[in-house]
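Visitor: First, the structure itself, so that you have it in front of you.
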Amino acid sequence: MDPQTSIAELAGIGQYYSYKLKRLDIETVEDLIYHFPFRYDDFSQIREIGEQFTPGEKVSIQGVVWQIRNVRTKTGKFLTNATVADQGGTIDVIWFNQPYLTKNIKAGTPISLSGKIELDGRRYKMLSPQYEIIRSSSPGLEKQDPDFNTLHTGRLVPIYPETGGVSSKWLRAKIASVLPRYLEKQKDFMPKDVLKRQNLTALESALSKIHFPKNLDDVKEARERLSFDELFLIQFISARRKKSWKEERGAPQMKIVNEKITGFVKNLPFTLTSAQIRAINEILVDLSRQIP
């Protein structure tokens with residue numbers, strides 16, 4: 001996959017989403033891969049339904065849908081009510097104004113839920129949690145993350161800079177499908193001896209871990225590598241530009257009158273440090289050359 005392939009050419013994006021993604025400065029495949037999360041929701045701890053919860057606590061549970069149905073309220077709005085069970089018990093789940101959920105979620109469906117727990121009388125419930133139907137593995141992540149079977153629940157969930165019509169959930173799904181193909185075609189540009197000397201992970205590992213970490217140590221490891229890359233490339237581009245200027249451009253050679261500079265320094269009401277003297281000498285040498 002060419003990193004500079006237009007984002008509009010990817011399946012499921014087209015002109016509609018490419019217009020929206022442009023607001024996030026995402027125009028190519030590489031832009032999408034380098035659109036990093038700015039934080040993570042920790043839904044990695046899977047809890048049993050029968051446990052004691054604190055109202056307002058964010059938790060993840062996984063179970064089987066016992067029943068699900070839509071109910072219309074007196075004001076004409078829809079409530080989708082479900083009961084989810086695991087070996088520890090059952091819990092009520094409510095979504096608001098999402099009647100289409102009953103088309104995707106059926107009784108008997110294995111499901112993962114992440115969200116806030118509320119207490120209704122003596123019974124716990126979840127209101128509008130993130131949900132995900134549990135499959136054997138998440139499409140696109142088999143090679144990168146075989147231990148996880150969810151993208152949006154039950155793990156460290158990346159939260160991205162968003163724009164209208166493009167949610168973090170949408171971005172996670174797209175990146176999960178594109179990332180393995182992108183990594184297959186890319187080579188790490190950083191020399192191995194530099195990586196070893198700086199104790200940095202490989203680029204393939206860093207990009208996988210920044211988007212789909214197993215823990216916060218993965219996030220730290222990925223950020224260290226990607227931050228190093230950013231600084232390295234800034235210095236590399238600066239060095240190339242400097243080399244080009246030396247080879248292709250000239251500079252006016254300035255005449256240095258040492259007597260005047262010496263007299264000026266003697267009249268200063270203080271004595272220059274050795275570092276200041278060294279800096280002045282370097283500047284004078286630079287000014288007397290014909291190289292910019």
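The values are calculated or read from the model by the stated rules, or taken from the named source; none is laboratory data. The structure presented is a predicted model; accordingly, all values stated were derived computationally and were not measured. Quick reminder, even Gly has a Cβ in these numbers, built from the backbone with ideal geometry, and neighbours come from all protein chains shown. We work out accessible area using only protein heavy atoms, side chains counted, and drop any ligands, DNA or RNA first. Shrake-Rupley method; radii C 1.70, N 1.55, O 1.52, S 1.80 Å.
Visitor: Could you please give the count of residues in region 212-246 that are open to solvent by 70 Å² or more (accessible area, probe 1.4 Å) and of a type in the set (Val, Ile, Thr)?
Guide: Residues meeting the conditions: 2.
Visitor: Quick one: which helices (runs of 4 or more DSSP H) lie wholly within region 197-292 and hold at least 1 residues that are under 30 Å from Tyr40 (Cα atoms)?
Guide: Numbers: elements: 203-211, 216-248, 258-266, 274-287.
Qualifying helices (runs of 4 or more DSSP H): 203-211, 216-248.
Quick grid of which residues meet (1) open to solvent by less than 50 Å² (accessible area, probe 1.4 Å); (2) over 25 Å from Leu203 (Cβ atoms); (3) at pLDDT below 95:
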position	(1), (2), (3)
Ser128	no, yes, yes
Ile134	yes, yes, yes
Ser137	yes, no, yes
Leu141	yes, no, yes
Phe148	yes, no, yes
Leu151	yes, no, yes
Leu156	yes, no, yes
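Visitor: One residue is enough: does region 45-61 have a residue meeting the conditions open to solvent by 60 Å² or more (accessible area, probe 1.4 Å), small (Gly, Ala, Ser) and in a loop (DSSP other than H, G, I, E, B)?
Guide: So far as region 45-61 goes, no, none of its residues is open to solvent by 60 Å² or more (accessible area, probe 1.4 Å), small (Gly, Ala, Ser) and in a loop (DSSP other than H, G, I, E, B).
Visitor: Being more than 18 Å from Lys196 (Cα to Cα) and in contact (Cβ under 8 Å) with a residue 40 or more places away in the chain is the filter here, so list the residues in region 212-236 that pass it.
Guide: Phe212, Pro213, Lys214, Asn215, Leu216, Val219
Visitor: Please verify whether Gly76 is open to solvent by less than 40 Å² (accessible area, probe 1.4 Å), within 29 Å of the chain's Cα centre (by Cα) and on the phi > 0 side of the Ramachandran plot, treating the condition exactly as stated.
Guide: Against the criterion (open to solvent by less than 40 Å² (accessible area, probe 1.4 Å), within 29 Å of the chain's Cα centre (by Cα) and on the phi > 0 side of the Ramachandran plot), Gly76 does not qualify.
Visitor: Identify all residues within region 25-84 that are in contact (Cβ under 8 Å) with a residue 24 or more places away in the chain and among the aliphatic types (A, V, I, L, M); write none if there are none.
Guide: Within region 25-84, Val29, Leu32, Ile33, Ile46, Ile49, Val59, Ile61, Val64, Val65, Ile68, Val84 qualify.
Visitor: Scan region 114-134 for residues that are more than 19 Å from Phe78 (Cβ to Cβ) and touching a Phe, Trp or Tyr at 6+ places or on another chain (Cβ under 6 Å) and jot them down.
Guide: Ser114, Ile117, Tyr124
Visitor: If you don't mind, another one. Of all residues in region 7-44, count the ones that are closer than 13 Å to Leu171 by Cα, of a type in the set (Phe, Trp, Tyr) and in a helix (DSSP H, G or I).
Guide: 1
Visitor: For the structure I just gave you, tell me whether Gln67 is open to solvent by 80 Å² or more (accessible area, probe 1.4 Å) and either over 28 Å from Phe212 (Cα atoms) or outside any strand (DSSP E or B) (or both).
Guide: Details: open to solvent by 80 Å² or more (accessible area, probe 1.4 Å): no; either over 28 Å from Phe212 (Cα atoms) or outside any strand (DSSP E or B) (or both): yes.
In short, no.
Visitor: Ok, one more. How many residues are buried (at least 17 other Cβ atoms within 10 Å of the Cβ) and either within 18 Å of Leu183 (Cβ to Cβ) or under 17 Å from the mean Cα position of the chain (by Cα) (or both) when one looks only at region 2-27?
Guide: Of the residues in region 2-27, 4 are buried (at least 17 other Cβ atoms within 10 Å of the Cβ) and either within 18 Å of Leu183 (Cβ to Cβ) or under 17 Å from the mean Cα position of the chain (by Cα) (or both).
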